[in-house]
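Presented below is the structure to which this report refers.
The values are calculated or read from the model by the stated rules, or taken from the named source; none is laboratory data. From a predicted model like this one, the values you see are computed outputs, not experimental measurements. With ideal geometry, Cβ positions are generated from the backbone for all residues, glycine too; neighbour counts draw on all protein chains shown.
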Amino acid sequence: MEKVSIQEASRRLNLSQTSIREYARKGDLKASKEPGPNGRSMWMIELPEEGWEDPTKVIYMELQKSFSHWWWPTGERSGYAHYVDNVGIEETVPEFLCGLISANIWVTKELYKDEYCPECVEKVESALASDELLERFRNHRNRLGQR
Ligand SMILES: [Zn+2]
């Protein structure tokens, strides 16, 4: 494992020094105090393995995903909109998170609170990793209120 200064870690991981310090404090990056060149000790950051992802970015992406994967199972856009995890171009029969299968899917624009499938909501919520994410997802859903 390569250990580098906070400054160097900031450059290599393309993150601010503030973020590096914060991740070190939270344990997202490993840090240790090492003797520095002038006899004083300084914080060194263990460079993570390749493929390490910035936790803040991961959280942001997770949140975007939970907002944007909602689709209508019918062209009439009636009833509930459901959550689809992956919509590949080759995927012809979409399966929604709640188990519903429909022949096709139609894009959603803004959804009212009561247009989200309760079963899909429950599953998305239980997959969110923190209370903060849950709160933001709920706010997003409540934004337009009821019809
Ligand atoms: Zn559903």
Exercise for the section: Please enumerate the residues belonging to the range 108-119 that are within 16 Å of the ligand (Cβ to nearest atom) and either modelled with pLDDT under 90 or exposed (fewer than 13 other Cβ atoms within 10 Å of the Cβ) (or both). Expected result: D114, P118
Practice task
Determine if the range 82-99 includes at least one residue that is exposed (fewer than 15 other Cβ atoms within 10 Å of the Cβ), within 15 Å of the ligand (Cβ to nearest atom) and assigned to a strand (DSSP E or B).
Solution key: yes
Practice task
Look at T56 and say whether it is surrounded by 14 or more Cβ atoms within 10 Å (Cβ to Cβ) and of a type outside the set (A, V, I, L, M, F, W, C).
Solution key: no
Completion exercise
Of (1) away from the ligand (no atom under 12 Å from the Cβ); (2) hydrophobic (A, V, I, L, M, F, W, C); (3) without any contact (Cβ under 8 Å) to a residue 12 or more places away in the chain, L47 fails just (3)
Handout entry: G88 at pLDDT below 95, over 30 Å from L144 (Cβ atoms) and not hydrophobic (A, V, I, L, M, F, W, C)
Key = no
Problem - Residues satisfying the stated conditions in the range 58-77, i.e. more than 14 Å from the ligand (Cβ to nearest atom) and farther than 12 Å from L134 by Cα - result: V58, Y60, M61, Q64, K65, S68, G75, E76, R77
Practice task
Return yes or no: is S68 under 30 Å from F137 (Cα atoms), under 24 Å from the mean Cα position of the chain (by Cα) and exposed (fewer than 12 other Cβ atoms within 10 Å of the Cβ)?
Solution key: yes
Practice task
Tell me which residues, restricted to the range 47-69, are in a helix (DSSP H, G or I) and over 19 Å from D85 (Cβ atoms).
Solution key: P55, T56, K57
Practice task
Could you tell me which of the residues E135, E125 is of a type in the set (D, E) and more than 15 Å from the ligand (Cβ to nearest atom)?
Solution key: E135
Problem - Residue among E132, E122 that alone is surrounded by 12 or more Cβ atoms within 10 Å (Cβ to Cβ), in the same structural domain as W72 (by TED's automatic domain parsing) and assigned to a helix (DSSP H, G or I) - result: E122
